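Take this structure, written in structure tokens, and hold onto it; I'll ask about it next.
The values are calculated or read from the model by the stated rules, or taken from the named source; none is laboratory data. Only a predicted model underlies this, so the values are computations on that prediction, with no experimental measurement involved. Counting neighbours? That spans all protein chains shown, and the Cβs are built from the backbone with ideal geometry, glycine included.
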Amino acid sequence: MNAPRFQHEAMATFWELTLPGADPAYARQAAQAAFREVDRLEGELSRFIEHSVISRANRLPPGGTLTLPPDVLACLLLAAEVSVATERAFDPAFRSLRPPELPPELPPYFLDPETHRLTSRAERLDLDLGAVGKGYALDCVADLLREWGFTTAHLNAGSSSVLAFGDESAAGAGWAAGLVDGDGTRVAVPLQDASLSGSGTDEQGEHLMDPRTGQPAAVRPRAWALAPSAAQADALSTAFFVLEEPQIREVCAAYPGIGAAWLAADGSLRGAGTLAAAVATGQRTRA
């Protein structure tokens, strides 16, 4: 019997939920609740919605403050953690106009977790959570589905961000996911209670920038990140697209549970951290 599957459009991409072992009517109600949550988060996190929290933050004058709802604060705090861990290879505010006196190691805004307030340090703040917001929404949807009693699910936000928990087959192998090498060969990655995200020019065009230079990133055609949460995977895949190979390996070594894979200049697939074994020995099929 096919598992109930539901689709939705939000955040400029398609969303798909697969909910095996559930009564179809109950699964549909849960999916509708999940997609309402996605729409709510888009209304807070998108810089393209005029009255979103992020849009209002971007209109703050220097020194201006804004009280953030819990989800926006949580997403920004996670983004800040990844930015520090990758030495700004991921930076959601790199397009901001910084005052000359602001030290380069400081972000152009200040977050106070206790008061939930954001204060602009920029002459013009430009926050863009596009490289982490979808992942954060996936995590929130997964939490909601668990509250509804689901013990296994597969969640997909476009073709670049996937989160799965539980086991598709009840055989302990997790859900099927994969990487694709330069020859179009698919390398299997079992996905269980984790998220896999990809960034690259083949799907997103030549728009990915190196936040440290403000110039287009041209290190490699594609990179992936495996992480416990979709928000982490989303942000890290963007960083891994930009970072050099030794830096990628350093990040994976410093943070257990993190994996990276990337296409090298010769088209070969390379891996580090929790993705190293899959790249080295994973089952390969033609994509």
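Of the residues D128, D112, which is surrounded by fewer than 16 Cβ atoms within 10 Å (Cβ to Cβ), closer than 28 Å to F94 by Cβ, of a type in the set (D, E) and modelled with pLDDT of 95 or more?
D112
Moving on. Of the residues in the stretch 154-179, how many are over 18 Å from the mean Cα position of the chain (by Cα) and either among the small types (G, A, S) or at pLDDT 90 or above (or both)?
If we filter the stretch 154-179 for residues that are over 18 Å from the mean Cα position of the chain (by Cα), which is where we start, we get 166-176.
Now drop any that are not either among the small types (G, A, S) or at pLDDT 90 or above (or both), which leaves 166, 169-176.
So the answer is 9.
Sticking with this structure for a sec: Identify, please: which residue in the stretch 244-287 is under 14 Å from V187 (Cβ atoms) and among the basic types (K, R) and is, among those, surrounded by the fewest Cβ atoms within 10 Å (Cβ to Cβ)?
Here the residue is R286.
I've got another one for you. When you look at T86, is it surrounded by fewer than 23 Cβ atoms within 10 Å (Cβ to Cβ), in contact (Cβ under 8 Å) with a residue 24 or more places away in the chain and among the polar types (S, T, N, Q), yes or no?
In short, no.
Mind listing just one residue for me: the one in the stretch 39-67 that is charged (D, E, K, R) and under 20 Å from L111 (Cα atoms) and, of those, farthest from the chain's Cα centre (by Cα)?
R59
Moving to a separate point now. How many residues are assigned to a loop (DSSP other than H, G, I, E, B) and exposed (fewer than 14 other Cβ atoms within 10 Å of the Cβ) if we restrict to the stretch 92-108? Spell out the reasoning first.
Of the stretch 92-108, the ones assigned to a loop (DSSP other than H, G, I, E, B) are 92-96, 98-108.
So of that shortlist, the ones also exposed (fewer than 14 other Cβ atoms within 10 Å of the Cβ) come out as 99-101, 103-106.
Residues flagged as assigned to a loop (DSSP other than H, G, I, E, B) and exposed (fewer than 14 other Cβ atoms within 10 Å of the Cβ) within the stretch 92-108 amount to 7.
Considering every residue within the stretch 201-212, establish whether at least one is modelled with pLDDT under 95, out of contact with any strand residue (DSSP E or B) (no Cβ under 9 Å at 6 or more places or on another chain), on the phi < 0 side of the Ramachandran plot and buried (at least 18 other Cβ atoms within 10 Å of the Cβ).
Kept after step one, since they are modelled with pLDDT under 95, are these residues of the stretch 201-212: 201-212.
Of the ones still in play, those that are also out of contact with any strand residue (DSSP E or B) (no Cβ under 9 Å at 6 or more places or on another chain) are 204-205, 211-212.
Among the residues that remain, those that are also on the phi < 0 side of the Ramachandran plot are: 204, 211-212.
Right, trim to buried (at least 18 other Cβ atoms within 10 Å of the Cβ) and you get 211.
Yes, the stretch 201-212 contains a residue that is modelled with pLDDT under 95, out of contact with any strand residue (DSSP E or B) (no Cβ under 9 Å at 6 or more places or on another chain), on the phi < 0 side of the Ramachandran plot and buried (at least 18 other Cβ atoms within 10 Å of the Cβ).
Yes or no, residue by residue, for (1) under 20 Å from S83 (Cα atoms); (2) not in a loop (DSSP other than H, G, I, E, B):
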{"position": "L226", "(1), (2)": "yes, yes"}
{"position": "A231", "(1), (2)": "yes, yes"}
{"position": "A235", "(1), (2)": "yes, yes"}
{"position": "F240", "(1), (2)": "yes, yes"}
{"position": "P256", "(1), (2)": "yes, no"}
{"position": "G267", "(1), (2)": "no, no"}
{"position": "A272", "(1), (2)": "yes, yes"}
{"position": "A277", "(1), (2)": "no, yes"}
{"position": "T285", "(1), (2)": "no, yes"}
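Given (1) over 29 Å from H8 (Cα atoms); (2) modelled with pLDDT of 95 or more, where does P104 come up short, assuming only one miss?
Unmet for P104, out of (1) over 29 Å from H8 (Cα atoms); (2) modelled with pLDDT of 95 or more: (2).
Of the conditions (1) closer than 20 Å to L226 by Cβ; (2) assigned to a strand (DSSP E or B), L111 clears all except one; give me its number.
Failed condition: (1).
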